[in-house]
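**Q** Handing you a structure now.
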Amino acid sequence: MKAPPVSISCQDLTLRFPVYGVDAKSLKKHLAKITVGGKLARSHGATEVTALSNLNLELKAGDRLGLVGHNGSGKTTLLRALSGAYEPDEGTIEVQGHVAALLDLNLGIDPTATGFDNIRLRGRIAGLSSKEIDQRLPEIAEFSGLGAFLAMPVKTYSAGMQARLAFAAATAVEADVLLMDEWIAVGDADFQKIAHRRLLKLVERAGILVLASHDVELLRLYCNKVMRLEGGVASAVTPIKNLDELMAA
Amino acid sequence: MDTATHMLRTGRRGALFEVQMALRDLRASLQRIDLAWSLAWHDVVSRYRGSILGPLWITISMGVMVLGIGLLWGEVFRVSVHDFIPFVALGIVFFGTVTGTINEGCDTFVQAAGMLSQTSLPMFTFVWRTVFRNLINLGHHLVIVLAVLVYFGSWRTANYPVAAMGLIFLVLNAAWLSMLVAIVSARFRDIPQIVQSITQAAAIMTPVFWPPDRIPARYHLILDLNPFYHLLQAVRAPLMGLGVAPHTYLFLAGMAVVGWALTFSLFANTRRRIVHYL
Ligand SMILES: Nc1ncnc2c1ncn2[C@@H]1O[C@H](COP(=O)(O)OP(=O)(O)O)[C@@H](O)[C@H]1O
Ligand SMILES: [Mg+2]
């Protein structure tokens, strides 16, 4: 049986966050003049933020979509929805293919466990068997460059070391759909270089990439299409060469 | 990477649909039940990595506690150590499994926030993780149970199949309680303290450290209506060679059915929201 081709399809996707313990009226007054963030509303007595509204998106193998937009425009929310973590309030999300989400590097890392244990944990969550993890462990360890530190609890790591570990563990698994948030600028210059090489390889392997970033150079490097989000409303998907017009609009 | 190669997420489509989605979550967690085991093992192993005795700590600290309480309180209640130590040992171990599963349930989703907000892993996986972690701890405590049974001779009269059945009732009920507090604690952050207070009160109200025959007959409702007493009795009595009252099973079966129905419908109604609570 041939697997269906890799694809992402969102139809009229609307996603709202309930906000608990907030007085919507006073919050609204404060936010009325600010252009960042989603739309605040009150329904059934609870305050809600509409983070994405009526978003339509069709991606197929080979598409590398860059997401741009102000802080709070819904980029991270869209990525989390595509990862399957957030359920839509309206509309549908359909994804064909293995999804790997590199959204928040430190989430899912257990600071009290050792580097090795964290790699194992991450691998199991990603669907690898213990045996497969053992096979990949040396390669991941080498890539992380952490050496003997891997046997120490992660809470003893510096921020850069934690980023190395998380990055090495998270990128060890092949995926059809790769979701990345704007954290890519982690670690020292050395690590930046090898991380970049690894990401390029990963992007080549992955059928679809969705990358949220403010970094124009980075977007040009990895993406062939862009979409702009503003207050949860998406622009049309356009080729990367229109990036400047899109940012200016 | 998720093992699911096809993912479809939709908005609300009525109560029945939400129940189906909740069932799908349950099914997915059972298909990957080995993941819950791995997570539970990770918790146990990483907690004790770097310590000399490793998870044996669980066993030793429990052994010391059983011995101390057994000797001291046996004296206080003027009952023979011969009867009292097995009683206290079984009580502490199995009661600890129940309260441990419930207390740690408060953290189930809160602790998993990172994974729940960037993967499509089933939520039930994390419920099983907490349950399994407590079963692994119980496995370590069984060393003490065995030692006590053998040393005090009740291993010959113990009814193991009935005790195993009791353990199933215990786990079934502890699991829904654990999931219930997991959901509620995700939404309301002061719930863990309340849960702790309740389990602490239960430890005093339940014959864990004191013999049930010490209670005057007119106060027997304290036992008959105490779910913790029935949970404990279903496992402890057969291991001590005693019978289990039929109404204990009735109570536990009813509690499991009602409890799971309640918890599952709460889950079906809040499933979409839980990740946003965190
Ligand atoms: N967990 C949350 N609870 C409530 N509101 C949230 C949550 N996460 C994001 N939001 C809101 O949703 C909107 C979009 O946020 P986000 O997707 O993080 O934006 P971006 O990644 O583009 O900066 C913002 O208004 C933000 O305040
Ligand atoms: Mg963001």
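The values are calculated or read from the model by the stated rules, or taken from the named source; none is laboratory data. These figures come from a predicted structure and were not determined experimentally. Glycine gets a Cβ as well: all are built from the backbone with ideal geometry, and neighbour counts include every protein chain shown.
**Q** Among the residues of segment A:125-137, are any surrounded by 16 or more Cβ atoms within 10 Å (Cβ to Cβ), of a type in the set (Ser, Thr, Tyr), free of Cβ contacts under 8 Å to residues at least 40 places away in the same chain and not assigned by TED's automatic domain parsing to the domain that holds A:LEU82?
**A** No, segment A:125-137 contains no residue that is surrounded by 16 or more Cβ atoms within 10 Å (Cβ to Cβ), of a type in the set (Ser, Thr, Tyr), free of Cβ contacts under 8 Å to residues at least 40 places away in the same chain and not assigned by TED's automatic domain parsing to the domain that holds A:LEU82.
**Q** Against the condition hydrophobic (A, V, I, L, M, F, W, C), assigned to a helix (DSSP H, G or I) and under 22 Å from B:VAL81 (Cα atoms), how does B:ALA203 come out, does it pass?
**A** Answer is yes for this residue.
This table checks each residue for (1) more than 16 Å from ligand 2 (Cβ to nearest atom); (2) within 7 Å of chain B (Cβ to nearest Cβ).
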{"position": "A:THR76", "(1), (2)": "no, no"}
{"position": "A:GLY108", "(1), (2)": "yes, yes"}
{"position": "A:ASP117", "(1), (2)": "yes, yes"}
{"position": "A:GLY123", "(1), (2)": "yes, no"}
{"position": "A:ALA126", "(1), (2)": "yes, yes"}
{"position": "A:GLN135", "(1), (2)": "yes, no"}
{"position": "A:PHE143", "(1), (2)": "yes, no"}
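**Q** Here are the criteria: (1) under 30 Å from B:SER51 (Cβ atoms); (2) surrounded by fewer than 21 Cβ atoms within 10 Å (Cβ to Cβ); (3) away from chain B (no Cβ under 14 Å). Tell me which single one A:PHE167 does not satisfy.
**A** In the conditions (1) under 30 Å from B:SER51 (Cβ atoms); (2) surrounded by fewer than 21 Cβ atoms within 10 Å (Cβ to Cβ); (3) away from chain B (no Cβ under 14 Å), A:PHE167 misses (2) alone.
**Q** Taking the options A:ARG64, A:ARG16, A:ARG42, name whichever one is of a type in the set (Lys, Arg), at pLDDT below 85 and away from ligand 2 (no atom under 16 Å from the Cβ). Step through it out loud before you land on a result.
**A** Details: A:ARG64 fails: at pLDDT below 85; A:ARG16 fails: at pLDDT below 85.
None of the others qualify; the one that does is A:ARG42.
**Q** In addition: So if I check each of A:LEU52, A:LEU103, which one is of a type outside the set (Lys, Arg) and within 11 Å of ligand 2 (Cβ to nearest atom)?
**A** Working: A:LEU52 fails: within 11 Å of ligand 2 (Cβ to nearest atom).
A:LEU103 is the lone residue from the list that is of a type outside the set (Lys, Arg) and within 11 Å of ligand 2 (Cβ to nearest atom).
**Q** In segment A:70-85, what count of residues is obtained for those that are outside any helix (DSSP H, G or I) and within 9 Å of ligand 1 (Cβ to nearest atom)? Walk me through how you get there before you give the answer.
**A** Residues of segment A:70-85 outside any helix (DSSP H, G or I): A:70-74, A:84-85.
Filter once more, keeping what is within 9 Å of ligand 1 (Cβ to nearest atom): A:70-74.
Counting residues in segment A:70-85 that are outside any helix (DSSP H, G or I) and within 9 Å of ligand 1 (Cβ to nearest atom) gives 5.
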